[in-house]
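Q: This is the structure I have questions about; it appears just below.
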């Protein structure tokens with residue numbers, strides 16, 4: 001199957017989809033409070049896409065014009081033999097960018113192999129630089145292990161390393177400037193992501209919500225920031241820190257809706273194609289993969305038809321007593 005010369009994935013609002021986020025597992029070795037419940041029930045193995053099915057899906061999407069693929073989880077690097085998948089995807093003609101989002105726990109062992117497989121950029125979730133607070137937020141995480149993974153990624157030669165941080169009022173919002181300074185010192189980037197109302201968690205999201213507008217205002221009082229038109233193909237808006245190599249991104253589904261330029265879809269580890277993170281519109285691709293193991297035509301038809309149901313935008317509202325989306329972020333893919 002050859003890559004398409006033109007992108008065939010255009011939704012009813014004229015938005016071109018050239019970016020997929022594929023979750024390869026719902027399992028994670030952390031239990032971050034904003035992402036998962038403490039006692040998660042994970043999927044049985046036969047309800048999860050095989051790595052071969054994941055590779056097949058990516059090949060089909062690239063043939064339809066997708067040029068950027070992000071591998072997510074759960075924690076993707078805890079999936080057994082995950083590096084095989086990165087090797088397979090990294091060989092695809094027409095794929096301009098292969099990236100991964102990780103909690104960093106496995107990077108000390110796998111960063112170099114990921115680089116050799118063709119991964120261009122790594123996003124590492126770090127919500128605190130205080131070991132005790134990090135453990136509180138992640139429930140099971142070890143900050144020292146994650147920082148060792150970050151150092152391994154820098155040593156491996158990645159030029160696109162970014163920290164992802166979810167600020168929560170009264171928990172880690174006092175570390176905003178420290179996290180930015182850490183990124184500056186490491187010569188890497190950082191993005192702040194507003195907490196999203198996905199899944200039922202053990203705190204009131206409205207009470208912990210930190211607006212990126214407030215975060216930006218705080219940082220402008222401490223650093224000289226210049227707005228940037230740079231993009232990595234996702235929803236972040238960036239500011240450059242003057243006289244450094246660091247840029248600060250803001251992903252703001254609440255305070256600055258980015259749906260008008262949405263260029264992506266998500267595929268869960270169950271093969272569910274979600275057209276929007278904040279809506280339930282989806283197409284189940286696993287049955288097509290398994291009923292037609294050597295014929296991609298039904299799969300391609302379903303993907304093309306899915307563009308007609310991609311919604312105009314999400315419907316996040318922190319004021320609701322119950323979240324509008326009950327699935328956890330770890331189910332949809334980070």
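The values are calculated or read from the model by the stated rules, or taken from the named source; none is laboratory data. Source: prediction; values computed, not measured. Every residue, glycine as well, gets a Cβ built from its backbone with ideal geometry; the counts of neighbours run over all protein chains shown.
Q: Sort out which residues of region 221-238 are at pLDDT 95 or above, in contact with a strand residue (DSSP E or B) (Cβ under 8 Å, 6 or more places away or on another chain) and either surrounded by 19 or more Cβ atoms within 10 Å (Cβ to Cβ) or part of a loop (DSSP other than H, G, I, E, B) (or both), and write them in order of number.
A: The answer is 223, 224.
Q: Still on this structure: Residues of region 252-284 being closer than 21 Å to residue 97 by Cα, modelled with pLDDT under 90 and not in a loop (DSSP other than H, G, I, E, B), which ones?
A: Correct list: 261 only.
Q: Sticking with this one: Could you pull out the residue among 98, 114, 107 that is surrounded by fewer than 23 Cβ atoms within 10 Å (Cβ to Cβ) and either under 21 Å from residue 34 (Cβ atoms) or in contact with a helix residue (DSSP H, G or I) (Cβ under 9 Å, 6 or more places away or on another chain) (or both)?
A: Details: 114 fails: surrounded by fewer than 23 Cβ atoms within 10 Å (Cβ to Cβ); 107 fails: surrounded by fewer than 23 Cβ atoms within 10 Å (Cβ to Cβ).
Going through 98, 114, 107 in turn, the sole match is 98.
Q: Follow-up. How many residues does region 19-50 hold that are assigned to a loop (DSSP other than H, G, I, E, B), modelled with pLDDT of 95 or more and farther than 25 Å from residue 295 by Cβ?
A: Going through region 19-50 one residue at a time, the tally reaches 1.
Q: Which number in (1) assigned to a helix (DSSP H, G or I); (2) touching a helix residue (DSSP H, G or I) at 6+ places or on another chain (Cβ under 6 Å); (3) crowded, with 18+ Cβ neighbours inside 10 Å marks the one condition that residue 61 misses?
A: Just one mismatch for residue 61, condition (2).
Q: For region 117-145: of the residues being closer than 20 Å to residue 246 by Cα and touching a helix residue (DSSP H, G or I) at 6+ places or on another chain (Cβ under 9 Å), which is surrounded by the fewest Cβ atoms within 10 Å (Cβ to Cβ)?
A: Ranking the qualifying residues of region 117-145, first place goes to 129.
Q: Right, here's the next one. Kindly list the number of the only condition in (1) surrounded by fewer than 20 Cβ atoms within 10 Å (Cβ to Cβ); (2) in contact with a helix residue (DSSP H, G or I) (Cβ under 6 Å, 6 or more places away or on another chain); (3) assigned to a loop (DSSP other than H, G, I, E, B) that fails for residue 74.
A: (1) is the only condition that residue 74 fails.
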